Amino acid sequence: MPMEDEAVAQLYRDHAVALRRFVLAAMSNPDQAEDVVQETILRVWRRGADPENLRGYLYRTARHVIIDEYRRRSRRVPETGFPEEEPAAADQVDKLLLRVLIEEALGRLSAEHRSVILALHYQRLTAADAARALNIPLGTVKSRAFYAAKALRAVLDEMGVAP
């Protein structure tokens, strides 16, 4: 296999699963989603990307491909008499992208920091309730929340997510 083919194959092996999950959340048709994933990989490979923030660049490119697909389909008359499904709007794609990035960032935190963030922000527990639920002292919850927020900000900065 030539080096260029191997580079595309490696890019696909490394990122296709996460990219497919992101695209499937925006498009209900798995065949179209796979086409978007493949087009995204090819665009990123052709243009070259910043290897430090490759995942973020892939998601942005996938978002553009999804929007291009939506525009292309909206200009063309459907091939069958059945109405096509409405694809996600650009703001829904942005929300989905942010959710995927946050999930990935949370996955990079330590288990202790992640559990405190999830308890306080996703389960909307008070610090005292989180302390009881996590079976740790209240002061530890507050301390972990502070350091977890700093660690999460650092991970998001590393991923290229602007505040």
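Looking across the stretch 141-163, the residues that are surrounded by 14 or more Cβ atoms within 10 Å (Cβ to Cβ) and free of Cβ contacts under 8 Å to residues at least 60 places away in the same chain come down to Val141, Lys142, Arg144, Ala145, Tyr147, Ala148, Ala149, Ala151, Leu152, Val155, Leu156. Of the residues in the stretch 45-68, how many are open to solvent by less than 50 Å² (accessible area, probe 1.4 Å), at pLDDT below 80 and assigned to a helix (DSSP H, G or I)? Count: 3.
The values are calculated or read from the model by the stated rules, or taken from the named source; none is laboratory data. Everything quoted here is computed from the prediction, not taken from an experiment. Glycine gets a Cβ as well: all are built from the backbone with ideal geometry, and neighbour counts include every protein chain shown. Surface areas here come from the heavy atoms of the whole protein model, side chains and all, with no ligands, DNA or RNA. Shrake-Rupley method; radii C 1.70, N 1.55, O 1.52, S 1.80 Å.
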